[in-house]
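What follows is a short report on a single structure.
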Amino acid sequence: DYENNRYFFVYYTNTAGDLAIARFQTQIANPNAADESTGVLLMTVPHPTFSNHTGGKLIFGPDGNLYLGIGDGGSGGDPANNSQNGNSLLGKMIRLHVDNFTTAPYYSIPPDNPYVSDPLVRVEIFALGLRNPWRWSFDRVNGDLWAADVGQNAWEEVDLIQVGKNYGWNCYEGSHLYANCTASPNPVMPITEYDHSIGTSITGGYVYRGTAVPALAGSYIFADFISGSVFGLSDPKGAATRSEVSSPMSGIASFAQDNDGEIYAVNLYTGKISKMIAGTGTSTASFPAKLSDTGCAAETDPKQSSSGMIPYDVNAAFWSDGATKQRWLAVPDGQSISINNDGDFQLPAGSVLRKDFYLDNKIIETRLLAYHTDGDWAGYSYEWNDAQNDATLVANGKTKTIGTQTWIYPSGSDCMRCHTLAAGRSLGLEVLQLNRNYYYASTGKTDNQLVTFSSIGLLSTALPASSELAALPNPKNTGATLEARARAYLHANCSQCHQPGGPGGGPANFLYKVAFAQMGVCNTDATAGDLGVSGAKLLVPGNPNLSLMSLRMRDTGTYRMPPLASGVVDAEGASLIDAWITSLTSCS
């Protein structure tokens, strides 16, 4: 009844780190401004000291009650089993009646809440067994409550939330057994789920009831924050068929719906709000199916780049399951590259990067990263044929046995999970990586790459002499210090996700320029599980066996780092990180 009483409700994290619900009223004279003096606290939910699962959402349901979705309290695996604990509000959907305006606690319990007669369960609970319900909504047509529940290590899920039901966490992750629970929760299985080869952090949306995109009428729209995949779940209460309905858009943290039922996406990375409109349905199909047709390959030999592409190399290479790589870049004629304050190259729209992968001197894959004129990058993977005369686009990713190993061809959304916006998308194109000499076969000359790029007019930003600029050491160069080599490895392999604004989650910052004490890893608790190792931290000085940084590099299962497109442990790189950790004696 906001039009008459002007009350509104806020869900927030207070300065103690606990979750709180408060009520305020707008000013009588100015309904566009809040009256802070009217604030009253309805509820505080104690939250553990972990840094994750502190967000949430609250909505008035079609029944007029206030619904609140609360995460399990954070830390990998919900070790306290909050989600199944009836005495805790963590890991729950709760429902309150808020027409009590005068007496604390300013709410009452709806008489049809499922546990009003159960002395062992909190009466506020509407449903339980949730891990982190990250965005949920009511279908404006029939009142169904749809929630996206973020997974732990392997599965993301969409649930139809119903009164008194248990959704399984932490006994189940999705429909898969996660922990041995002492009592079976008899969980409701997800309407749909996907594993972490597709995405790793689901963002819930709305059942589409607009008119701008008729093909999606009645579909539940949601996305994956990391991979950028945007999904439509058609016939969600029936056959429930999931498909990608848009080009990838990483960073979607929330959705919104307007009065006409049209849907909007809120992007954390770009700071923009995008409206969903009808598309042509041809974006994927329009990209060339053969590498030879892309314009990025020489006409006589696609293993060579076209003449308009410029070769380059990096100081510290990303681990790619033992493959050797060749790299090229191209920008549109008349365009140039600027360099931001962090040393990242800012390429103009229309630019393309090419990277070739070789195993045993045989080319197996070419990846293109294209900066489209719609304002973002997209990745494309090409699989080379046995004749080595052309490569075919792998639209949805695949795996293939090559020699004694399994090679992973990433999908387009997989590419953007590593080529993050926080890292500037192009990753290796930065001063730290490119400040090195390169032999240019076309001229027979060797020179510093930054000097070369500047001299041919490729850079719009003037740079100091290369000797005055920082450069990453090669992690294999034993002439550099152990710390510098290890930090260079982490910068090249981890910082694209683990840096401020990156999608890695948790406190870790692996940028090379950051001082060790500011990396946020030393004796820091895990936020994504401890691999069952008692006493494990992100980094324990002097002890790689208790350092999750090391353990996850050596893991080949769900805890693996890097988390995708890799199945082979970098033994040399892991040994380097172990040696560095062993050399540390404190966190200072």
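Solvent-accessible area assigned to carbon and sulfur over the stretch 1-132 amounts to 52 percent, based on a 1.4 Å probe.
In plain terms, the chain from LYS325 to THR49 could stretch by 95.0 nm, reckoned as 0.36 nm per residue minus the Cα-Cα distance.
Using 0.36 nm per residue and subtracting the Cα-Cα separation, the extra length available between ASN180 and ALA278 on full extension is 30.7 nm. Taking each of LYS275/LYS303; LYS165/LYS272; LYS303/LYS476; LYS57/LYS275; LYS355/LYS445; LYS165/LYS275 in turn, the alpha-carbon distance tops 31 angstrom for LYS275/LYS303; LYS165/LYS272; LYS165/LYS275. The order of the peptides 220-230, 256-266, 156-166 by mean Cβ neighbours within 10 Å, most packed first, is 220-230, 156-166, 256-266.
With r as the distance between the Cβ atoms of GLU36 and ASP1 and R0 = 22 Å, compute the FRET efficiency 1/(1 + (r/R0)^6) and round to 0.05. The calculated FRET efficiency here is 0.55. Summed over the residues of the chain and divided among them, the accessible surface reaches 44 Å² per residue at a probe radius of 1.4 Å. For ASN166, the shell of other residues with beta-carbons less than 15 Å away shows a net charge of -3, using +1 for Lys and Arg and -1 for Asp and Glu.
Mean separation of Cα pairs under 8 Å and 6+ residues apart, divided by the residue count of the stretch 128-243: what relative contact order is that in percent? Relative CO of the stretch 128-243 lands at 22 percent. Ranked by the mean number of other Cβ atoms within 10 Å of their residues, highest first, the peptides 569-581, 131-143 fall in the order 131-143, 569-581. Each Cα pair under 8 Å and six or more residues apart adds its sequence gap; the mean of these over the residue count of the stretch 466-588 is a relative contact order of 19 percent. Spin-label pair THR461-LYS290: with each label point 7 Å from Cα along the Cα-Cβ axis, the two points sit 4.0 nm from one another.
The packing ranking, built from the mean of other Cβ atoms within 10 Å per residue, places the peptides 439-452, 202-215, 336-349 in the order 202-215, 336-349, 439-452, highest first. Leaving ligands, DNA and RNA out of it, report the carbon-plus-sulfur percent of the accessible area of the stretch 243-333 at a 1.4 Å probe. That share works out to 51 percent.
Between the Cα long axis of helix 571-583 and the first principal axis of the chain there is an angle of about 70°, rounded to the nearest 10. Find how many whole Å separate the alpha carbon centroid of the stretch 303-338 from the alpha carbon centroid of the stretch 516-588. Going from one Cα centre to the other spans 30 Å. In this label model, ASN545 and GLN388 are separated by 4.6 nm, measuring between points 7 Å along each Cα→Cβ vector. Angle of helix 482-493 to the longest C-alpha principal axis of the chain, folded into 0 to 90 degrees and rounded to 10: 70°. Computed from point charges on the beta carbon alone (+1 for Lys and Arg, -1 for Asp and Glu), the dipole magnitude for the chain about its Cα centre is near 820 Debye. Rounded to 0.05, the FRET efficiency of the ILE59 and LEU531 pair, given R0 = 51 Å and the Cβ-Cβ distance, is 0.90.
The relative contact order of the chain comes to 8 percent, based on Cα pairs under 8 Å that sit 6 or more residues apart. The ILE28 and TYR264 beta-carbon pair, evaluated with R₀ = 22 Å, returns a calculated FRET efficiency of approximately 0.10.
Length available on full extension from SER588 to VAL568: 0.36 nm per residue minus the Cα-Cα distance, which gives 3.9 nm.
The values are calculated or read from the model by the stated rules, or taken from the named source; none is laboratory data. Every value quoted in this text rests on a predicted model; they were computed, and no experiment measured them. Note that each Cβ is placed from the backbone with ideal geometry, even for glycine, and that neighbours are counted across all protein chains shown. What goes into the accessible areas is simple: the full protein's heavy atoms, side chains included, and nothing from ligands, DNA or RNA. Shrake-Rupley method; radii C 1.70, N 1.55, O 1.52, S 1.80 Å.
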